[in-house]
Ligand SMILES: NC(=O)c1ccc[n+]([C@@H]2O[C@H](COP(=O)([O-])OP(=O)(O)OC[C@H]3O[C@@H](n4cnc5c(N)ncnc54)[C@H](O)[C@@H]3O)[C@@H](O)[C@H]2O)c1
């Protein structure tokens, strides 16, 4: 078994979590962006990671990047999270290949902007399916396995956009607000089985997609005003919080939202 100390640079300033070594994680939307960072960070801790996405090329690039690093090789399963049967099949494939899932990261989303004047019913339904519905069904798909292990950690991705003045994303923001409520009720429902459910709320994270699609000079100027800290939030900043929530170090934390936004006020 590969251990974290083999896969992290000796000079790493950041935590190694012995409780994660050898566990199985499932990450949705793991091919690119934050999801890819979660896959890589979990694998670097010795976690056997399965991830689902519709971006095969992104998945290939991630697998190439991790090959030869000494991490357990992640298992990619193509699945559209909007198709609940495909999502269930992806969880089943990961459980068959790697074993019961003890860490679930519900990460897939789509932040394409919409005009409130033109959104129609199919678009609305799709927006909710890609940003919210799969959080519930992926959690339900891993529940039995987590129970068999005596517990688990579900990490949902919210967004600061549900808390600040943001427009042009009605289904995305409605979903992100709902994810916080879903987190609380699922934490309550599953707590007796020692399945923890938490919500990570990132600020504006400088992923490649954000930099190429949405981060304009005006956005940089706004962030300089609203963030308390002067630095940009990077994917690794969010991944370190996800690792802590996945590990036994956060054993008595559930039903909460955890904000990593540089102190947005
Ligand atoms: N980047 C940010 O600034 C930011 C801020 C707040 C919250 N978040 C949240 O963090 C999470 C990741 O964000 P990101 O910026 O990395 O997103 P992203 O759009 O860069 O990546 C999302 C990933 O999900 C995949 N995906 C999209 N639709 C899918 C589908 N139908 N089925 C399977 N996979 C699908 C994409 O292919 C991609 O790999 C999201 O939940 C997002 O809402 C991000």
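We did not get these values from a lab; they are worked out from the coordinates using the rules stated. In this text the structure is predicted, and so the values were computed from the model without any measurement. Reconstructed Cβ throughout: ideal geometry from the backbone, glycine too, with neighbour counts over all protein chains shown.
What tally of residues in region 152-175 results from selecting those that are within 27 Å of residue 142 (Cβ to Cβ), without any contact (Cβ under 8 Å) to a residue 60 or more places away in the chain and not in a strand (DSSP E or B)? Quick ask: steps written out before the conclusion?
Step one: filter region 152-175 for residues within 27 Å of residue 142 (Cβ to Cβ), giving 152-162, 171-175.
Then keep just the ones that are without any contact (Cβ under 8 Å) to a residue 60 or more places away in the chain; that gives 152, 154, 156, 159, 161-162, 171, 173-174.
Now restrict to residues that are not in a strand (DSSP E or B): 159, 161-162, 171, 173-174.
Total satisfying the criteria: 6.
Hey, among 226, 164, which residue is touching a helix residue (DSSP H, G or I) at 6+ places or on another chain (Cβ under 9 Å) and farther than 15 Å from residue 109 by Cβ? Even if it seems obvious, please write down each step before you answer.
Details: 226 fails: touching a helix residue (DSSP H, G or I) at 6+ places or on another chain (Cβ under 9 Å).
Testing whether each residue is touching a helix residue (DSSP H, G or I) at 6+ places or on another chain (Cβ under 9 Å) and farther than 15 Å from residue 109 by Cβ leaves just 164.
Among residues that are surrounded by 14 or more Cβ atoms within 10 Å (Cβ to Cβ), farther than 27 Å from residue 58 by Cα and out of contact with any helix residue (DSSP H, G or I) (no Cβ under 7 Å at 6 or more places or on another chain), residue 256 is included. Comparison of 111, 80 shows that the only residue that is farther than 20 Å from residue 245 by Cβ and touching a residue at least 40 places away in the same chain (Cβ under 8 Å) is 111.
Can you tell me which residue among 109, 129 is within 15 Å of the ligand (Cβ to nearest atom), in contact with a strand residue (DSSP E or B) (Cβ under 9 Å, 6 or more places away or on another chain) and either farther than 15 Å from residue 256 by Cα or part of a helix (DSSP H, G or I) (or both)? Answer to the selection: 109. Annotation for region 178-194: at least one member residue is within 10 Å of the ligand (Cβ to nearest atom) and not in a loop (DSSP other than H, G, I, E, B).
Conditions tested, residue by residue: (1) more than 11 Å from the ligand (Cβ to nearest atom); (2) under 19 Å from the mean Cα position of the chain (by Cα); (3) within 26 Å of residue 146 (Cα to Cα); (4) not in a strand (DSSP E or B).
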{"site": "199", "(1), (2), (3), (4)": "no, yes, yes, no"}
{"site": "223", "(1), (2), (3), (4)": "no, no, no, yes"}
{"site": "229", "(1), (2), (3), (4)": "yes, no, no, yes"}
{"site": "242", "(1), (2), (3), (4)": "no, yes, yes, yes"}
{"site": "254", "(1), (2), (3), (4)": "yes, yes, yes, yes"}
{"site": "258", "(1), (2), (3), (4)": "yes, yes, yes, no"}
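When region 38-58 is filtered for residues that are touching a strand residue (DSSP E or B) at 6+ places or on another chain (Cβ under 9 Å) and more than 8 Å from the ligand (Cβ to nearest atom), the ones remaining, listed by number, are 38, 39, 40, 42, 43, 47, 48, 49, 50, 51, 56.
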